[in-house]
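This report refers to the structure that appears directly beneath it.
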Amino acid sequence: MLAALTAGLHMLTLVTVAAVPDHRCAVPGLDENGTVSFWNSKEVLAAIPNTKDGVLDSCHLMDPIMNISVKCNKWIYDNTYYQSSRAIEWDLVCDRRWMGAVAQTAYMLGVFTGAVVLGSMADKYGRKIILYISAVLQLVLGVGVAFVPEYYSFLVIRFLYGIFGSAGAYITGFVLSMEIVGPSKRTVIGVLFQAFFATGLMLVAFWGFFIKDRVVLQVIYGLHSLLLIGHWWTVDESPRWLWAQGQFHKAVAIVEKAMKQNGCTEELDVAYFVSKGKAKTAVHENDRASLADLVKTPNLRSRTFNIVLNWFANSLVYYGLSLNTGKLFGNPYLVLFIVGLVEYPSYIMIVLLMDRLGRRSLLSVLLLLGGLSCIIAVYIPQDTQAGSISATTVVMLGKFFVAGSFAIVYNYTAELFPTVVRNTALGIGSMGARLSGALTPLITLLDSFDKRLPSIIFGAIAVISGLLALLLPETLNQPMPQTLEDGEKFGQGDTALNACCKKRSRGQKYDLPLSYLD
């Protein structure tokens with residue numbers, strides 16, 4: 001769970017550390033030698049033209065001789081909420097605005113890379129070792145990035161920070177959590193993991209509100225990774241992964257340990273389960289299991305492409321809303337905090353409904369509602385306080401819906417794919433999410449052409465993905481497939497359309513070694 005908290009925090013550090021405050025051009029002769037004129041002073045209003053929206057142009061000055069607007073190269077920043085940030089230091093505004101977007105994209109590309117590389121490594125070498133290598137490196141990079149003085153070096157560190165700050169610990173930690181509990185606890189544990197991610201987002205706002213120096217703030221963010229250090233001796237390897245690798249003694253020993261910790265007095269026949277595992281060993285197939293196996297067969301291939309699109313759409317809307325909280329009405333720290341807080345009732349709703357309504361229908365409905373909220377919000381006039389509040393409310397509803405669908409897609413992916421490629425499948429899904437996360441800051445730059453365009457793009461993709469989710473099989477009350485053969489057979493012919501036409505069959509049952517691993 002702590003891996004989710006630190007991942008959520010690291011993912012959005014730039015929202016505060018590189019925040020772009022309201023700004024205007026510095027007026028020669030007025031804003032010099034530490035003196036700053038009032039924004040609404042007669043001299044400033046005369047020197048800076050207005051935009052078509054009636055506000056001061058943040059990128060141009062009036063040339064008093066030619067009487068035309070010209071680009072400025074020095075800015076005055078509103079320090080009401082932000083006294084220090086990368087954007088202020090490097091002037092990441094106007095023609096340099098893309099540099100701020102690329103900095104966030106570099107992190108997301110790191111998560112993109114880590115999701116597939118570290119996901120495959122976790123399937124090969126184990127969940128635990130990858131989790132804690134990532135924990136150490138995210139601590140080093142999270143603190144170190146605060147002291148990087150040059151932009152392009154900053155991008156490189158941000159990229160590496162993304163690999164270990166979010167991808168390595170988060171995806172691997174999630175898979176480990178899902179594989180170490182029984183089927184009755186998968187929904188609660190999976191959703192609780194997402195709730196800790198939201199807590200990390202709220203911590204970004206919390207520390208940002210109290211700490212105004214961006215160096216100290218980033219160091220505080222990075223030091224949160226200490227929470228993961230020291231758990232090596234208390235966390236077990238995934239018994240599912242050990243079993244799939246043919247390490248039956250270790251897998252059964254962990255299950256036996258869990259039974260004792262849970263107060264179960266029933267004796268486990270270790271020799272019986274070990275011999276049964278050896279008799280049905282799938283080691284040879286596991287050695288061959290890889291990323292390519294997700295697209296070799298038709299059922300797994302179509303499922304893989306569909307679920308990756310779902311991850312892509314969820315991430316696009318989720319981070320599109322989270323990264324743009326500064327544009328909403330009110331204190332940006334409070335808005336960001338509420339954006340994280342609003343996820344909690346969404347997760348409570350998911351826990352209450354997912355084991356009743358199933359994964360497929362709930363995922364589809366929430367994606368559709370989240371997408372529509374994005375589109376509706378941009379058509380609400382925000383030229384009045386009431387309009388701004390209404391738009392913010394709709395955005396919060398959109399975050400509520402998409403947080404729920406994002407929580408479902410994690411559980412859903414873990415249940416759809418077999419053990420031998422489960423971490424890889426989650427890695428590929430996360431890679432799709434991080435690709436959209438990397439594109440999100442760049443897509444938001446399209447507001448230079450039309451302020452509504454980014455949100456319309458976000459919403460349209462979410463709606464399309466929500467409709468396609470209806471083609472996925474339902475996993476409610478179904479055992480998690482173990483082998484590639486199980487994964488290919490699982491849910492064949494089970495779509496929402498078929499479910500409406502006839503009663504859904506109970507599905508393929510798998511003869512798994514332990515009831516704990518069902």
If all Cα-Cα distances of the range 445-492 are sorted into 10 Å bins from 0 onward, what percent lands in each bin, rounded to whole numbers? 21, 28, 20, 16, 14, 0
For helix 453-468, report the angle its Cα long axis makes with the longest principal axis of the Cα atoms of the chain; keep it between 0 and 90° and round to the nearest 10°. 10
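Rank-order 199-208, 147-156 by packing density, defined as the average count of other C-beta atoms within 10 Å over each peptide's residues, highest first.
Numbers: 199-208: 22.0, 147-156: 12.8.
Output ranking for 199-208, 147-156: 199-208, 147-156.
What net charge is computed for the residues neighbouring ARG214, neighbours being all others with C-beta under 15 Å from the C-beta of ARG214, Lys and Arg scored +1, Asp and Glu -1? Display every interim value, and only then the final one.
Working: positive: ARG86, ARG158, LYS212; negative: GLU89, ASP91, ASP213.
Charge balance in the 15 Å sphere: 0.
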Could you order the peptides 415-428, 68-81 from most to least packed, using the average number of other C-beta atoms within 10 Å per residue? 415-428, 68-81
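Counting only heavy atoms of protein chains, what accessible area per residue, in Å², does the chain have with a probe of 1.4 Å? It would help to have the intermediate numbers written out before the result.
Working: 22240 Å² over 518 residues.
Normalised by residue count, the accessible surface of the chain is 43 Å².
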Computed magnitude of the charge dipole of the chain (debye, nearest 20; Cβ of K, R +1, Cβ of D, E -1): 1100
Write down Rg/Rh for the range 189-266, rounded to two decimals, with Rg from the C-alpha atoms and Rh from the Kirkwood relation over Cα pairs. 1.18
Stretched out fully, how many nm does the piece from ASN33 to LEU497 gain, at 0.36 nm a residue minus the Cα gap? 160.0 nm
When 1/r is averaged over all different Cα pairs and the result inverted, which Kirkwood radius in Å belongs to the range 290-501? 17.7
Using the crude model of +1 on Lys and Arg Cβ and -1 on Asp and Glu Cβ, and no other charge, please compute the dipole size for the range 24-77 relative to its Cα centre, in debye to 20. 80
Positive end of the charge dipole of the chain (Lys, Arg +1 and Asp, Glu -1 on Cβ, about the Cα centre): tell me which of LEU439, SER41, SER120 has its Cα farthest that way. SER120
Can you tell me the orientation of helix 422-444 relative to the chain, as the angle in degrees between its alpha-carbon axis and the longest Cα principal axis, to the nearest 10? 10
Considering only the other residues whose Cβ falls under 11 Å of the Cβ of LEU118, what net charge follows from Lys and Arg at +1 and Asp and Glu at -1? +1
Of TYR81, TYR318, VAL308, farthest towards positive along the dipole that unit charges on Lys, Arg, Asp, Glu beta carbons give the chain: VAL308
Using Stokes-Einstein with the Kirkwood hydrodynamic radius over Cα pairs, what translational diffusion coefficient do you get for the range 24-77 at 10 °C and a viscosity of 1.306 mPa s, in µm²/s rounded to a whole number? 142
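Please state, as a whole number in µm²/s, the translational diffusion coefficient that the Stokes-Einstein equation yields for the chain at 10 °C and 1.306 mPa s, with Rh defined as the Kirkwood radius across alpha carbon pairs.
65
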Amide H contacts of TRP75 (H built 1.01 Å from N, under 5 Å, at least 5 apart or other chain): ALA26
If you line up the long axis of helix 2-11 against the longest principal axis of the chain, both from Cα atoms, how many degrees apart are they, to the nearest 10? 30
How much accessible area does LYS451 have with a 1.4 Å probe, in Å² rounded to the nearest 10? 150
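If each DSSP helix of 4+ residues adds -39,500 (n - 2.57) and the sum is divided by the residues in the chain, what number results at 222 nm, nearest 500 deg cm²/dmol?
-19500 deg cm²/dmol, from helical runs alone.
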Highest-first arrangement of 473-485, 12-24, 36-48, 430-442, where packing means the average Cβ count within 10 Å: 430-442, 12-24, 473-485, 36-48
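The values are calculated or read from the model by the stated rules, or taken from the named source; none is laboratory data. Everything numeric here is computed off the predicted structure, so don't read it as measured data. Every residue, glycine among them, receives a Cβ derived from its backbone with ideal geometry; neighbour counts consider all protein chains shown. What goes into the accessible areas is simple: the full protein's heavy atoms, side chains included, and nothing from ligands, DNA or RNA. Shrake-Rupley method; radii C 1.70, N 1.55, O 1.52, S 1.80 Å.
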